[in-house]
Amino acid sequence: MSAIGTNVKVGFLLLAGIVAFIVIYNFVQDRQGGGRANEYWALFGDASGLSPRSDVRVAGVKVGEISAITLQGGRARVEIAVRSDVPVYPNAVLMKRRTSILGDALLELDPGFPEPRNGGDAPLPPGSQIRNVQEGISVEQILELLGDVTRDVRRITANLDRIIADESGSIQQILRSVEDLTGRLDRLVERSTDEIAVILENAEVISYNLRELTSGKNDDVEEILANAREITREARDALAGLRASLGEGEEGMGPTVARLSRTLEHLESIVRRIDRGEGALGRLISDEELGERVGAALEGVSNYVTRLDSLQTEISLRTEYLFRAESAKNYVTLRLIPSPDQFFLLQIVDDPLGFVRRESVLRSPPGEDEAAHQEIRTTTDILKFSVELAKRYSFLAIRFGLIESTGGFGFDLNFLDDRLTFTLDAFDFARPEASFPRIRTYTNLTVIPHFYLTVGLDDAFARARWDPVTGRFRMGRDFFVGAGLSFSDEDLKVLFGTISGGLP
Amino acid sequence: MRRTVIEVVGLHKSFGPNHVLRGLDLTVEKGAIQVIIGASGSGKSVLLKHIIGLLSPDAGRIYVDGEEITRMSPREIMRVRKKFGMVFQTSALFDSLTVAENVAFPLRVGDRQYGEEEIRRIVREKLALVHLEGVEHLMPAELSGGMKKRVALARAVAHDPEIVLYDEPTTGLDPITVESVNDLILETRDRLQVTSVVISHDMASALYIADDIAVLKEGRIIFRGTPEEIQRADHPYVRRFLHPRAARP
Amino acid sequence: MGDLGRGALRLVGTLGDIVLQVVADLGGMARMGARLLVLTIRPPYRLRNLLSAMEAIGFGSLSVVVLTAFFAGAVFSLQVSLAFSLFNAETLVGATIALSMARELAPVLTALMVTGRAGSAIATELGTMRVSEQIDALATMAVEPEHYLLVPRVWAGVLTLPLLTAIFNLVAILAASFVAITVENLSVAAFWARIPSWVDPKDVIGGLIKSAVFGLILSLAGCYKGYNATGGARGVGLATTQAVVLGSVLILVSDYLLTTVMLPWWRSS
């Protein structure tokens, strides 16, 4: 009576609490296993901002974390654990980097490279010191620097201020005298127009006198001119000689220069055309859209290549025994995993219950005039297919698509590195025998690599029904146990590799 | 001469400065209805709690069926307690359980394993004994005071005890209900052959049901006798109990 | 002067009484706890009583715990997002909330809510049973009342509080992420990314261990005050109030002590 209610409520509480704990625990747990990390250490002058469990990153990718910070001779000894598949060489550099102004920091690791010349081609053995350390500029240092700068600025402005204040009298004096001067000049000009007229007149007289003077001395001038003419002739001769000596070889300097200038002209025109975006190269260079398109295309190709490279394939064979149907059900499954968060599932199923096809026909029963609806249910032993698309979030995978040749969806809960999986499928929504879909739930436990056991419940909510004529189990709740083999393409490569290697 | 079931010898009990029981002696004979009468605060309830082992005395001895319970380990006291059934002044029904569950309670917690069907039969039988039917599925809060008392009695006798203790069974009840409770005490004794110890300050009821009455005052028994002897007694305290001033003409 | 002096003396006296009362309660609870531990191993084992106590303490508190968790997470998220966005440290919001929830807030808030709801209920129920002689009645039926009534309640407290705290953790962090992402416009990644590296399983487990201790304290306080209630309905009310006050105070004090003990473990890697 009421005890049942109590049990249900307490059970619900237990389940909710345990599920909440598992969800949180799974989320909080660091994915990289603790055992497969190498320990290194380094000495820092200032470890502020670093704390145990701070990230250690290579090129921004987390590869480990700080395991401990201790004091060693007045310096901070920072011990780090780095994933063992990241080799660290003797010329590695460890850098401290701030991630926020709050003082939070992380370590950036440049793992270095092999240097055969210095005998440094072997990775550092675990437990050794990373000697190259860059502390980066700490917030404290920035603040110190800022302090210095502001002190300087303040000094300059103070000086400027003082200069302006001290010298303001003299500056004003200068301005006043300039004003004074211009004013005086103005007055002077005004007053002196008459005098200027006289001066100009005088100048006219002087030039007249001069002209008179020169006309009187014509011979002297002619002599001077003759001398000058002779000098220019001599100079012309010298120049001609020089030109002759330069142009001596072939056609002389002229064609060479002309060719050079033509070439330059061409080049200029090409550049201009390219610049204007004419021609293929021009368009490539100047058309931004096209450039981007080419870039994208190249990126696409590279993505495709990496995706092909990262595509994983998994093949599994599974057989299970259904207790009520008293027969086995077999599955061949191909899982294509393009990325860790999604996969495609292709499955061929050999179901002892067969595939039920329903047809509604109109026929006239013999001896009756009226047509009657009749449903024909044909159970055929054809294979069924599943094609599912799945998306994975952490330990939860949600699938939808075709399940056993009918529409459906399902989800998996994966624990213990996917060794323990709880699955629930809902499919065959449209069957007339029951108002609810076929719900199948099962648990897979991988006991040894590639081999798993399965136990589950098929069609959980439907009453079991047997065919009245044949006595064959037709549908409904059924329990099953089974086992399966599962191989990834890596395994298959190894397998085929050994086979082909073994062949003569 | 009848066999003595309960024997109390020289019982002393103090609560702090309050010396409640002062060398009390008492014997209860098998099959009798022994009423212990006394004023409020005279130590009646304390005596009862000693008899069932809920309290342990400062001095003195208590024998139940010849076994001295004052020297027993808690576990042995538990065993002896199974000989008792107790009806509390406030009935003390478990208010989280139904009437049927209350009556069945002593059966379920006992050593003997009863089947569900057997428990149901006993519950019906005991409720019939106290003239209650069809109340099995009610909660105690839905019962009247008199009904609660009956259910409490049914619960007290459910496991067929040898001794039934009544703590002020008639206090706070109307005269009609008092009558029926008194009849029930007599009926229970007659049908189940149990020894009954009733503590009360209700002299009228005592005279009606008792085989033997002990009057308790200041931690001692000051008078003992059959109802007839009590009525003839000239002890002033006893006379005040028999004829309270308010009732005198 | 005389009045003042007397007043001061009386105050000191009252304070002394309070301290003495707390010490006496602590001692009484410790003795009761030790006795219940001994009784626990003694048969019969009453699983049904344990289950119904778990129902009353655990399932009964589920709704209030979920509600508290939701709003605690939401409010905390608002405040932390606001403060951290001033420093461009939005990526630390999720980690900060998750860490403080796991270590402190979830165990303490859950325990306080359950104290208010179930600790008081235990005290009321036991107090009522005490003053209406039901506990004596149990004893006369050859049942040890402490074994029958108290052991299952205390164990139910110890067992259900970690469950409720785990649920509190989950609900609070989901509520916090919801608020941070929808109200404060943090990106989903910014909220969640740093949590795994900042919060360790042992932070969560430490919080759950704490909550088990709190469960012991609150149920023991309720049992102690209720079981020893005297003086009718008023006494029951008093016992209930005292159980809640005693439980809450002891939870906060023991939280400080437990955190002190656990910090070196949490800090170690």
| request: Would you check which residues across segment C:60-79 are free of Cβ contacts under 8 Å to residues at least 24 places away in the same chain and either under 18 Å from the mean Cα position of the chain (by Cα) or crowded, with 21+ Cβ neighbours inside 10 Å (or both) and list them? | output: C:Ser63, C:Leu67
| request: Count, please, the residues in segment C:196-211 that happen to be more than 9 Å from every other protein chain (Cβ to nearest Cβ) and either farther than 11 Å from C:Ala166 by Cα or open to solvent by 10 Å² or more (accessible area, probe 1.4 Å) (or both). | output: 4
| Which ones in segment C:141-176 are more than 14 Å from chain A (Cβ to nearest Cβ), touching a residue at least 40 places away in the same chain (Cβ under 8 Å) and of a type in the set (A, V, I, L, M)? | C:Leu149, C:Leu150, C:Val151, C:Val154
| message | Regarding segment B:193-204, can at least one residue be identified that is over 28 Å from B:Leu21 (Cα atoms) and under 16 Å from the mean Cα position of the chain (by Cα)? | response | yes
| message | Go through (1) open to solvent by less than 20 Å² (accessible area, probe 1.4 Å); (2) in contact with a Leu (Cβ under 8 Å, 6 or more places away or on another chain); (3) under 30 Å from B:Val80 (Cβ atoms) for C:Glu146 and report which single condition fails. | response | (1)
| task | Of all residues in segment C:80-119, count the ones that are of a type in the set (S, T, N, Q), assigned to a helix (DSSP H, G or I) and either open to solvent by 20 Å² or more (accessible area, probe 1.4 Å) or within 14 Å of chain B (Cβ to nearest Cβ) (or both). | result | 4
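Has segment B:60-75 got any residue that is more than 24 Å from B:Thr27 (Cβ to Cβ), free of Cβ contacts under 8 Å to residues at least 60 places away in the same chain and facing another protein chain (nearest Cβ under 9 Å)?
The first filter runs over segment B:60-75 and keeps only residues more than 24 Å from B:Thr27 (Cβ to Cβ), leaving B:73-75.
Next, only the ones that are free of Cβ contacts under 8 Å to residues at least 60 places away in the same chain stay: B:73-75.
Add one more test, that the residue is facing another protein chain (nearest Cβ under 9 Å), and what stays is B:74.
The answer is yes, given that some residue of segment B:60-75 is more than 24 Å from B:Thr27 (Cβ to Cβ), free of Cβ contacts under 8 Å to residues at least 60 places away in the same chain and facing another protein chain (nearest Cβ under 9 Å).
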| note | When every residue in segment C:120-140 that is of a type in the set (A, V, I, L, M) and open to solvent by 30 Å² or more (accessible area, probe 1.4 Å) is compared, the one farthest from the other protein chains (Cβ to nearest Cβ) is C:Ala121
| query | For the subset of segment B:77-114 comprising residues that are within 21 Å of C:Pro43 (Cβ to Cβ) and small (Gly, Ala, Ser), which member is farthest from the other protein chains (Cβ to nearest Cβ)? | reply | B:Ala104
| note | The lone condition C:Tyr45 fails out of (1) assigned to a helix (DSSP H, G or I); (2) more than 10 Å from every other protein chain (Cβ to nearest Cβ); (3) open to solvent by 10 Å² or more (accessible area, probe 1.4 Å) is (1)
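Could you check, for segment A:278-288, whether at least one of its residues is open to solvent by less than 30 Å² (accessible area, probe 1.4 Å) and modelled with pLDDT of 80 or more?
Here is the first cut: in segment A:278-288, the residues open to solvent by less than 30 Å² (accessible area, probe 1.4 Å) are A:282.
If we keep only those that are modelled with pLDDT of 80 or more as well, we get none.
No, segment A:278-288 contains no residue that is open to solvent by less than 30 Å² (accessible area, probe 1.4 Å) and modelled with pLDDT of 80 or more.
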| query | Where residues in segment B:153-195 are open to solvent by less than 40 Å² (accessible area, probe 1.4 Å) and of a type in the set (Asp, Glu), which of them is farthest from the other protein chains (Cβ to nearest Cβ)? | reply | B:Glu168
| task | Specify the residue that is farthest from the other protein chains (Cβ to nearest Cβ); the eligible residues are those in segment C:177-195 that are open to solvent by 30 Å² or more (accessible area, probe 1.4 Å) and part of a helix (DSSP H, G or I). | result | C:Thr182
| message | C:Arg35 - would you say it is assigned to a helix (DSSP H, G or I), open to solvent by 60 Å² or more (accessible area, probe 1.4 Å), touching a residue at least 60 places away in the same chain (Cβ under 8 Å) and under 21 Å from C:Ala142 (Cβ atoms)? | response | yes
| note | How many residues of segment A:368-407 are surrounded by 12 or more Cβ atoms within 10 Å (Cβ to Cβ), at negative phi and modelled with pLDDT of 80 or more? The answer is 19
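The values are calculated or read from the model by the stated rules, or taken from the named source; none is laboratory data. In this text, all values refer to a predicted model and were calculated from it rather than measured experimentally. Note that each Cβ is placed from the backbone with ideal geometry, even for glycine, and that neighbours are counted across all protein chains shown. Only protein heavy atoms, including side chains, enter the accessible area calculation; ligands, DNA and RNA are left aside. Shrake-Rupley method; radii C 1.70, N 1.55, O 1.52, S 1.80 Å.
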